[in-house]
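Encoded as structure tokens, the structure appears first; notes follow it.
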Amino acid sequence: MRCVFINIRCKPGHSYRVAEDIALREIHSELHSTSGPFDLLMKLYVPEDADIGKYINDNLLDVDGIERTETTLTFKAF
């Protein structure tokens, strides 16, 4: 499994509904409300054999109320 972090910006007034929809899908490891330019931060483990972009597109980006996302890939550095 590959760990990625996804910052999620929601349409105004949609943060709680987006977070609830994500939680019901049970695809995340952690989901946090944040301050700043994004509303939510999600930690997600993508299966090794899956294309990261397609996995995120197919499992997250169809959630109604998401305006923008930013994905940070992680690497084993040590």
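The values are calculated or read from the model by the stated rules, or taken from the named source; none is laboratory data. Just so it is clear, the structure is predicted and the values come from calculations on it, not from any experiment. With ideal geometry, Cβ positions are generated from the backbone for all residues, glycine too; neighbour counts draw on all protein chains shown. Surface accessibility is based on the protein's heavy atoms, side chains included, excluding ligands, DNA and RNA. Shrake-Rupley method; radii C 1.70, N 1.55, O 1.52, S 1.80 Å.
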For the chain, what % of the accessible area comes from carbon and sulfur atoms, probe 1.4 Å? 51 percent
Can you work out ³J(HN,Hα) from phi for every residue in the range 23-35, in order, using Karplus 6.51 cos²θ - 1.76 cosθ + 1.60 and θ = phi - 60°, giving whole Hz and x for Gly and Pro? 4, 5, 6, 6, 9, 9, 8, 9, 9, 10, 7, 10, 9
The ³J(HN,Hα) series, computed from each phi in the range 70-77 with the Karplus coefficients 6.51, -1.76 and 1.60 at θ = phi - 60°, rounded to the nearest Hz and given as x for glycine or proline, is 9, 9, 10, 7, 10, 9, 6, 9
Taking the chain on its own, what percent of its Cα-Cα pair distances exceed 18 Å? 35 percent
Ranked by how many other beta carbons lie within 10 Å on average, peptides 22-33, 54-65 from highest: 54-65, 22-33
Residue-wise HN-Hα coupling along the range 45-55, computed from phi with Karplus coefficients 6.51, -1.76, 1.60 (Hz; x: Gly, Pro): 9, 9, x, 3, 8, 9, 6, 4, x, 5, 4
What full-extension length gain, to one decimal in nm, is calculated for Ser35 and Asp21 as 0.36 nm per residue of separation minus the Cα-Cα distance? 3.1 nm
